[in-house]
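Read through the structure below, which is laid out as C-alpha cells, and then see the notes.
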Amino acid sequence: MRKDNMVAMILAGGRGSRLYDLTKKVAKPAVHFGGKYRIIDFPLSNCANSGVSVVGVLTQYENVLLNSYVARDQHWGLDSKDGGVFVLSPREKDGAGFGLYQGTADAITQNIDFLDQMEAEYVLILSGDHIYKMDYDLMLEEHKKNQADCTIAVLQVTLKEATRFGIMNTNENDEIIEFEEKPKNPKSNLASMGIYIFSYKTFKKILISDDKNPESSHDFGNDIIPALLAENKKIMAYRFKGYWKDVGTVDSLWESNLDLLKPNNRLDLGDTSWKIYTEDNDSLPHIIGDYGSVNNAYVNQGSIINGYVENSVIFSGVVIEKGARVVDSVIMPGVTVKENASITRCIVQEDVTILANKVHGDGDNAPIKLVTKKNSKEV
C-alpha cells in the first residue's frame, strides 16, 4: 500500500499569458528554468523526494510537449509498481460531452473518478508553475496531527506584498478563520502558496456541492476555501520558511534564475539530499574557448563560450561567439549570440539567433527584456 494513500494533483493547465512568447506554444510548467530544468520538474521532484508515488498532472493549454514530457515518469523515479505520473487532460464523458476545465476546483472535480480509483485518503493539490523545494510528508504529518479537514501552506510576506496574494487570517493556534483574496488592507501577512492537503472524504463532498452551484467560479480560493469555512471545517495553516517563487511573469522568471547565482542561495540545486530531477542531457560537455571568459554563471552541457559571460544562466547548446557579451541574463537552449553582440538583463527565448553587433537590454535597474524570435533583430 502506498504511504498514507496521499495522491498529488498538479494543476498544470494555465496559459501563462504574462510570459508572452515563452508560452505561446508551450504550457507554462514546461518553460525552461535554471540551466537544465523545466518548471514542472520542481513539484514532481518534491513528490518523489517526499515519498508521494501517485501524481496526476492536469494539463490543458498547449499541452502536447508537456504531456509527452511528464509521461516519462522515470525521470523523477516515479515509475514504481504501484505509482506513476498520470496525465489528466479534459476528456469527453458519457452524457456530458467534452468540457474544458472551468477552474482549479473543476479540474479536480472532473477527475474524482481517478482519485476514487487510487483509493485516495488525502489529496495534495499543487501548482505546476512554482519554484521551490518542500517536504510534503512533513506537511501531511501536521495535517494528521491536527485532525484537519484542510491544511494550506503559507508564506510570510510583507504587508505591502500581501495585497497581491490570497491571505489567510488565523487564530493563535494557526487555525484559519478567514480568507481574503488580494485584500487592499490585509489583516495578516500569511500568503497562500497554492499548496493544499485535503482529507478526501470531506473534500469530495465539497467538490460535488460546488459543481452543482451555478454561481460558483469553481476556484479553490474563491469558492472551496470559503465553503469549508462556512461549514466550520478545520483548516490549518502550515508555515513554510524556505525559498518559493511564483514565476508567472518575465521579471519573476528572470529573478528566480538569477537567484541561483547568489552566495548561499536558499534553493541550492547542488544539494544532493533533495535533488531536482529532470530529463537526461546527452550533449557533449560545455567548452570555454580561447577567447571565452565566465564569471559567476551556470553554463550547461553542449554550450560553446568564446565571449564574455557574467552573472548569467546559460542553457544547453548555446553558442556565444568572440567579442559577444552576456551579462545578468538567462539564455535558453539553442541560442546563438553572434560576434560583438551585447545582451544585458534579458531572457532570450530558445533557438533565437542574436545577430552580430546587436545590442539588447540595458544595465543598472533597466526593465528586464524578453528577446524572442520576433524582436531578436531589433537594436
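Within the chain, DSSP assigns beta bridges of which about 35% are antiparallel (rounded to the nearest 5). Please work out which option in (i) 0.96; (ii) 1.00; (iii) 0.93 gives Rg/Rh (Cα atoms, Kirkwood Rh) calculated from these coordinates, and answer with its label. Only one listed value fits the structure, namely (ii). A straight Cα-to-Cα reach below 16 Å connects LYS81 with the aspartates and glutamates ASP73, GLU119, residues fewer than 8 places away in its own chain not being considered.
Explain nothing, just the number: relative contact order of the chain, from Cα pairs under 8 Å at least 6 residues apart, as a whole percent. Reported as a whole number, the value is 14 percent.
Per residue, the stretch 1-147 exposes 40 Å² of solvent-accessible protein surface, assessed with a 1.4 angstrom probe and all protein chains in place. The residues of the stretch 242-364 expose, per residue, 45 Å² of accessible area to a 1.4 Å probe. Stretched out straight at 0.36 nm per residue, the stretch from ASN171 to THR372 would grow longer than its current Cα-Cα span by 67.5 nm. Using R₀ = 41 Å, calculate the FRET efficiency as 1/(1 + (r/R₀)^6) where r is the Cβ-Cβ separation of GLU215 and LEU269; round to 0.05. Rounded to the nearest 0.05, the efficiency is 0.40.
Tell me the carbon and sulfur percent of the accessible area for the chain, rounded to whole percent, probe radius 1.4 Å.
Details: 7920 of 17380 Å².
Carbon and sulfur atoms account for 46 percent of the accessible area of the chain.
Only Cα pairs under 8 Å and at least 6 apart count here; give the relative contact order of the stretch 13-70 as a rounded whole percent.
Here the relative contact order equals 39 percent.
Using a Förster distance of 30 Å, how high is the FRET efficiency between LYS262 and VAL64, based on the Cβ-Cβ distance and rounded to 0.05? Working shown, then result.
Values: r = 35 Å, r/R0 = 1.18.
So the FRET efficiency works out to roughly 0.25.
In a reduced charge model with +1 at each Lys and Arg Cβ and -1 at each Asp and Glu Cβ, the chain shows a dipole moment near 680 debye about its Cα centre. Between 0 and 90 degrees, the angle of helix 250-259 with respect to the longest Cα principal axis of the chain falls at about 80 degrees. Between VAL359 and ASN340, the contour length at 0.36 nm per residue exceeds the Cα-Cα span by 5.9 nm.
Is the stretch 17-68 best put as rounded, prolate or oblate by its Cα gyration tensor, with a ≥ b ≥ c the root eigenvalues, rounded for a/c under 1.5, and otherwise prolate when a/b is larger than b/c, oblate when not? Present the calculation step by step, with values, prior to reporting the outcome.
On the way: a/c = 2.74, a/b = 1.60, b/c = 1.71.
Verdict is oblate for the stretch 17-68.
Relative to the current alpha-carbon distance between LEU229 and LYS205, full extension at 0.36 nm per residue lengthens the span by 7.2 nm.
Of all aspartates and glutamates in the structure, those lying under 15 Å Cα to Cα from LYS275, and not within fewer than 8 positions of it along the same chain, are ASP41, ASP135.
Restricting the trypsin sites (Lys or Arg not before Pro) of the stretch 58-165 to loop positions (DSSP other than H, G, I, E, B) with no more than 10 neighbouring Cβ atoms within 10 Å leaves LYS81, ARG91, LYS160. Placing pseudo-labels 7 Å out from each Cα toward the beta carbon at LEU100 and GLU279 gives an inter-label distance of 2.5 nm. In whole angstrom, how far apart do the alpha carbon centroids of the stretch 1-46 and the stretch 138-211 sit? Cα centroid of the stretch 1-46 versus Cα centroid of the stretch 138-211: 22 Å apart.
Approximating the spin labels as points 7 Å out from Cα along Cα→Cβ, the ARG18-to-LYS184 distance works out to 2.1 nm. Of all lysines in the structure, the ones whose alpha carbon falls short of 27 Å from that of LYS377, not counting any fewer than 8 places away in one chain, are LYS24, LYS25, LYS28, LYS36, LYS322, LYS338, LYS358, LYS369. If you sort the three axes of the alpha carbon gyration tensor as a ≥ b ≥ c, you get a/c of 1.5 or more for the stretch 1-121 and a/b no higher than b/c, which makes it oblate. Can you give me the Kirkwood hydrodynamic radius for the stretch 59-197, using every pair of distinct Cα atoms, in Å to one decimal? Every distinct Cα pair counted, the radius reaches 17.6 Å. Need one word for the stretch 255-379: rounded, prolate or oblate. Basis is the Cα gyration tensor (sqrt eigenvalues a ≥ b ≥ c); a/c below 1.5 gives rounded, then a/b vs b/c decides. Here the stretch 255-379 falls in the prolate category. When only Cα pairs below 8 angstrom with a gap of at least 6 residues are kept, the stretch 46-162 shows a relative contact order of 26 percent. Helix 200-211 against the longest principal axis of the chain: what's the angle in degrees, Cα atoms only, rounded to the nearest 10? Once rounded, the angle reads 90 degrees.
The values are calculated or read from the model by the stated rules, or taken from the named source; none is laboratory data. What you are looking at is a predicted structure, and each value in this text was computed from that prediction instead of being measured. Glycine also receives a Cβ, built like all others from the backbone with ideal geometry; neighbour counts cover every protein chain displayed. Just so you know, the surface numbers come from the protein's heavy atoms only, side chains and all, with ligands and any DNA or RNA stripped out. Shrake-Rupley method; radii C 1.70, N 1.55, O 1.52, S 1.80 Å.
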